[in-house]
């Protein structure tokens with residue numbers, strides 16, 4: 001596995017983009033993902049910083065910010081095959097949030113490992129589409 005991106009929860013995506021641009025990072029990709037009630041922006045170059053903002057009051061990211069405040073949300077790793085990695089994690093006894101890949105940003109496939117089983121860190125697996 002290689003680091004793909006670090007996810008950072010932000011209350012306001014435009015403000016988050018301006019902040020990271022002030023640090024010298026350029027916006028690489030921005031996408032609204034209504035199925036997950038989020039909008040994301042990837043900043044810089046790989047490994048990226050992914051800014052994640054909730055688009056509804058009930059979204060998971062909005063609730064995350066309400067309880068924990070803005071900041072690091074997850075760490076994502078690129079894997080050649082999510083199906084194989086989930087099978088490996090299952091065999092190792094890991095607690096999975098996703099038992100199969102789901103659509104992610106940029107058309108990639110993604111799956112999440114539960115933070116209770118990952119030292120308190122939400123882990124995202126990313127199988128790139130290109």
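Which members of segment 31-68 meet the condition of being under 12 Å from residue 7 (Cα atoms), surrounded by 17 or more Cβ atoms within 10 Å (Cβ to Cβ) and either out of contact with any helix residue (DSSP H, G or I) (no Cβ under 9 Å at 6 or more places or on another chain) or modelled with pLDDT under 95 (or both)?
Scanning segment 31-68 gives a single hit, 48.
Got a sec? Which of 111, 76, 87 is farther than 13 Å from residue 1 by Cβ and at pLDDT 95 or above? Working first, answer last.
Numbers: 111 fails: farther than 13 Å from residue 1 by Cβ; 76 fails: farther than 13 Å from residue 1 by Cβ.
When all the criteria are applied, what remains is 87.
Can we say residue 28 is in contact (Cβ under 8 Å) with a residue 24 or more places away in the chain and surrounded by 14 or more Cβ atoms within 10 Å (Cβ to Cβ)? Even if it seems obvious, please write down each step before you answer.
Numbers: in contact (Cβ under 8 Å) with a residue 24 or more places away in the chain: no; surrounded by 14 or more Cβ atoms within 10 Å (Cβ to Cβ): yes.
When the stated conditions are applied, residue 28 does not pass them.
From the set of residues in segment 118-130 that are more than 12 Å from the chain's Cα centre (by Cα) and under 21 Å from residue 9 (Cα atoms), which is surrounded by the most Cβ atoms within 10 Å (Cβ to Cβ)?
Applying the filter and picking the extreme gives 118.
Of the residues that make up segment 17-24, is at least one closer than 17 Å to residue 129 by Cα, surrounded by 15 or more Cβ atoms within 10 Å (Cβ to Cβ) and in contact (Cβ under 8 Å) with a residue 24 or more places away in the chain?
Checked segment 17-24: no residue is closer than 17 Å to residue 129 by Cα, surrounded by 15 or more Cβ atoms within 10 Å (Cβ to Cβ) and in contact (Cβ under 8 Å) with a residue 24 or more places away in the chain.
Can you tell me which residues in segment 76-102 are surrounded by 13 or more Cβ atoms within 10 Å (Cβ to Cβ) and in contact with a helix residue (DSSP H, G or I) (Cβ under 7 Å, 6 or more places away or on another chain)?
Within segment 76-102, 79, 94, 96, 101 meet the criteria.
Please indicate, with yes or no, whether at least one residue in segment 53-76 is more than 30 Å from residue 18 (Cβ to Cβ) and touching a residue at least 24 places away in the same chain (Cβ under 8 Å).
Within segment 53-76, not a single residue is more than 30 Å from residue 18 (Cβ to Cβ) and touching a residue at least 24 places away in the same chain (Cβ under 8 Å).
The values are calculated or read from the model by the stated rules, or taken from the named source; none is laboratory data. As the structure is a prediction and not an experimental result, all values here were calculated from the model. Here the Cβ is made from the backbone with ideal geometry for all residues, glycine too, and neighbour counts use every protein chain on show.
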